[in-house]
Amino acid sequence: MPGEDRGYGGEHLAADAEGLTIWYGKGGAGYLLASSQGDNTFSAYRREGRNAYLGSFRVGTGRGIDATEHSDGAMVVGEPLGRFRKGLLVVHDGQNTPADGERENTNFKFVPWDARLVR
């Protein structure tokens, strides 16, 4: 996309790469998730081996919730946590809408984690 600053993030991250989190799978497997702030996505890499790039995803809209934009970070838990039976991915939303007048509004999005979604 025009205007994206790939900076030091290579071809899969748009500046800034603000947050990293690791999902620990069985036998040393797992994923490294990186916040790609410049294009409002999260990039997924294999934890093992040469850390192959698996793809990118967005935390989108649904059920009256706005998309995640300008994320400063994320945290993933791969164990049951309350109603999140397979785990939880929490991402920061740096531009929550609607804004509160002229004041910036931010929050966190809670996403049910299912490692099968990242492949």
In region 75-99, anything open to solvent by 40 Å² or more (accessible area, probe 1.4 Å) and under 14 Å from the mean Cα position of the chain (by Cα) is listed as M75, V77
Among (1) open to solvent by 20 Å² or more (accessible area, probe 1.4 Å); (2) touching a residue at least 40 places away in the same chain (Cβ under 8 Å) - the single one T68 does not satisfy: (1)
Only residues in region 103-119 that are within 16 Å of K26 (Cα to Cα) count as the first member; pair them with residues that are modelled with pLDDT of 90 or more and of a type in the set (A, V, I, L, M), Cβ under 8 angstrom, at least 6 apart or cross-chain, and list the lot. W113/V76; W113/V77; W113/L88; W113/L89; V118/L33; V118/A44; V118/L54; R119/L54
Within region 46-63, can you find the residues that are part of a strand (DSSP E or B), without any contact (Cβ under 8 Å) to a residue 24 or more places away in the chain and either among the polar types (S, T, N, Q) or touching a strand residue (DSSP E or B) at 6+ places or on another chain (Cβ under 8 Å) (or both)? R46
When every residue in region 14-45 that is part of a loop (DSSP other than H, G, I, E, B) and not hydrophobic (A, V, I, L, M, F, W, C) is compared, the one nearest to V91 (Cα to Cα) is N40
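The values are calculated or read from the model by the stated rules, or taken from the named source; none is laboratory data. Here the structure is a predicted model, which is why all the values come from computation and not from measurement. Every residue, glycine among them, receives a Cβ derived from its backbone with ideal geometry; neighbour counts consider all protein chains shown. Just the protein is used for accessible areas: all its heavy atoms, side chains included, with ligands, DNA and RNA removed. Shrake-Rupley method; radii C 1.70, N 1.55, O 1.52, S 1.80 Å.
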